[in-house]
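Engineer: I'd like to ask some things about the structure below.
Read-outs: derived from the displayed coordinates by stated rules, not from any lab. These numbers come from a predicted model, not from an experiment. Here the Cβ positions follow ideal geometry from the backbone for every residue, glycine too, while neighbour counts run over all protein chains shown.
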Amino acid sequence: MHFIQTRVHGPLDYLVGIVLIVAPWIFGFSDVDSAKWTAIGVGVAVLASSIMTNYEWGLVRVIPMHVHLIADAALGVFLAASPWILGFSDEGTNVWLPHLLVGLGEIGVAAMSNPWPQDAEARRREERVVHRTA
């Protein structure tokens, strides 16, 4: 069920990106390099993806919304699994829990988001991309 509209999804993207970038200092794991750089890297990727997505909050609008949602889900899977993949799962809950929870949240929001922008011009661009690839 896709009940999160792109007008809501966009601000969530920017909020999550910023929170991930500052998370190492908010949650006190800035001294764990693998956890710190994972959060910062995923945060930057979320912001970059948002800036380039064809939706109301995109600035460049070159990435179709459905591709954006796939990227969100993939980043969420990586972020949620990163404590075990990168070996910082034994560092304490303040280190691995934010990665797991935000990652699972990214997956959930991606799954519940509408892949069609509500903005008329963005929707026309999206339809052209879908028809070109079909």
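Engineer: What's the total number of residues in segment 25-45 that are surrounded by 16 or more Cβ atoms within 10 Å (Cβ to Cβ) and under 29 Å from TYR55 (Cα atoms)?
Structural biologist: 7
Engineer: Go over the candidates SER82, SER50 one by one and state the one that is touching an Asp or Glu at 6+ places or on another chain (Cβ under 6 Å), closer than 18 Å to GLY105 by Cβ and among the small types (Gly, Ala, Ser). Spell out the reasoning first.
Structural biologist: Values: SER82 fails: touching an Asp or Glu at 6+ places or on another chain (Cβ under 6 Å).
Criteria check complete, one pass: SER50.
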